[in-house]
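Remarks on the structure that follows.
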Amino acid sequence: MAEDVRRGLTATPKRLQPKYLYDERGSDLFEQITELPEYYPMREEGSLLNLISPGLIASMAPGEIVELGSGSSTKTRALLDAGRANGCLRRYVAFDVSESIVRLAIAELLQRYNGLDVYGIVGDFHRHLDKIPGHTGRRLVLFLGGTLGNLYREERIDLLRQIGALLAPDDRLLVGFDLVKDIPLIEAAYNDAQGVTADFNRNMLNVINNGLDGDFDPEAFEHYAYFNTQESRIEMHLRPKSKQVAHLKKLGLTVEIEPPETLWTESSHKFTPDSVREMLTASGLSLREWYAAPKDMFALALAGPA
Ligand code: SAH
Ligand code: AVI
């Protein structure tokens, strides 16, 4: 964190990595976001997973499911239910940077799925994929929620290549993608009326304060999220209401920021079928199936080694 934050806050524009949105409170706020009427990705992906899981499990009969950025693993239950009904599934591995949500998720899954080996790994998917245990049967890797879209193109390709190295020829990767659509609909999902997304965004400053002995005042910043058409992404920023001076004692760093400058906290890229296919190909993977929600609200791409 020290190195990331020093680099991000001394850069222009000032930016922080989205993984720092997720401490215990951040994971809890994200769960609240998934229940907001405006936040369509969760509902659309959940319905799609319910629809495709029995067929997908029957066609590939995975012995294990490994999920990256697994969060609460709630939507995953559609696949775990299908795996149990089919009798093929022996292991589920949850991998997430937020320890509290991994502990919560695996405790619930162990209760619900008697006989399933459930593993939890707390780590950063950019750095710690080597912690995933070796194969036990055919492997299905999940990357749901549109989280791949929170990364920049080079990071996405690098990560997809790393995931590809975890796949044997018959293994598969299922990735959730939010798709380009009506801009007001997308912007509403990141500017909810109850202000939960604003609290989620501001919580990043608490995470930074706690990790680096800092004194940012989260309430002195406004949530600002808009769709950048040229880059096809929502950008989420924190905009100071007035000049702010914060000290990060563990870094010996003083940060000054005044309007109109912002702290850029997250990007959430939106895709098209062509942009997904092209990215998979550039990563040494190939698209095997494309499952789209009604009105192309969201999609799941099933990929395998090229
Ligand atoms: N897949 C879940 C959660 C999505 S929220 C769903 O669809 O509902 C994004 C999740 O990715 C969070 O739980 C967050 O903690 C995790 N995450 C973000 N960056 C990460 C990183 N670098 N390494 C591992 N997990 C990360
Ligand atoms: C996890 N990720 C895909 C969410 C998104 O939509 O980009 C995080 C989020 N940010 C604001 N609201 C939700």
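For the chain, how big is the tail of P(r) above 33 Å, as a whole percent of Cα pairs?
24 percent
Taking only Cα atoms, what is the 0 to 90° angle, nearest 10, from helix 153-164's long axis to the longest principal axis of the chain?
Roughly 30 degrees between the two axes.
Residue-wise, which Karplus ³J(HN,Hα) couplings in Hz belong to the stretch 226-232, taking 6.51 cos²θ - 1.76 cosθ + 1.60, θ = phi - 60°, and x for glycine or proline?
8, 8, 8, 5, 4, 9, 6
Find out how many positive minus negative residues lie around Pro169, taking Lys and Arg as positive, Asp and Glu as negative, among other residues whose Cβ is under 13 Å from that of Pro169.
+2
Nearest 5 percent is fine: what portion of the DSSP beta bridges confined to the chain is antiparallel?
Restricted to the chain, the bridges split so that about 60 percent are antiparallel.
5 Å is the cut-off here: which amide hydrogens, built 1.01 Å from N in the peptide plane, fall below it relative to Tyr119, excluding neighbours closer than 5 in sequence?
Amide H neighbours of Tyr119, under 5 Å, 5+ apart: Tyr92, Val93, Ala94.
Relative to the longest principal axis of the C-alpha atoms of the chain, give the angle of the C-alpha long axis of helix 24-34, reported between 0 and 90° and rounded to the nearest 10°.
70 degrees
How far, in degrees from 0 to 90, does helix 99-112 lean away from the longest principal axis of the Cα atoms of the chain, to the nearest 10?
In the chain, helix 99-112 runs at an angle near 30 degrees to the longest axis.
Kindly provide the pair-distance distribution of the stretch 17-125 built from C-alpha pairs, with 10 Å bins from 0 and whole-percent values in order of increasing distance.
The calculated distribution, bin by bin, is 14, 43, 35, 8.
Counting alpha carbon pairs within less than 8 Å and at least 6 residues apart, what relative contact order, in whole percent, applies to the chain?
Values: 598 pairs, mean separation 65.6, N = 306.
Over the chain, the number comes to 21 percent.
Rounded to two decimals, what is Rg over Rh for the stretch 110-220 when you use alpha-carbon atoms and the Kirkwood radius?
Across the stretch 110-220, the Cα-based Rg/Rh ratio is 1.04.
What residues have an amide H closer than 5 Å to that of Arg288, excluding those fewer than 5 places away on the same chain, when H is modeled at 1.01 Å from N in the peptide plane?
Amide H neighbours of Arg288: Leu302, Ala303, Gly304.
Beyond 32 Å between alpha-carbons counts as too far, so tell me which of Lys131/Lys243; Lys19/Lys295; Lys131/Lys270; Lys19/Lys249; Lys75/Lys181 fall in that bin.
Distance filter (> 32 Å) returns Lys131/Lys243.
Calculate for the chain the 222 nm mean residue ellipticity that helices alone would give, adding -39,500 (n - 2.57) per DSSP H run of length 4 or more and normalising by residue count, nearest 500 deg cm²/dmol.
-11000 deg cm²/dmol
Rule-based calculations on the coordinates, nothing more; no lab input. Predicted, not measured: the structure shown is a model, and the values here were computed from it. Quick reminder, even Gly has a Cβ in these numbers, built from the backbone with ideal geometry, and neighbours come from all protein chains shown.
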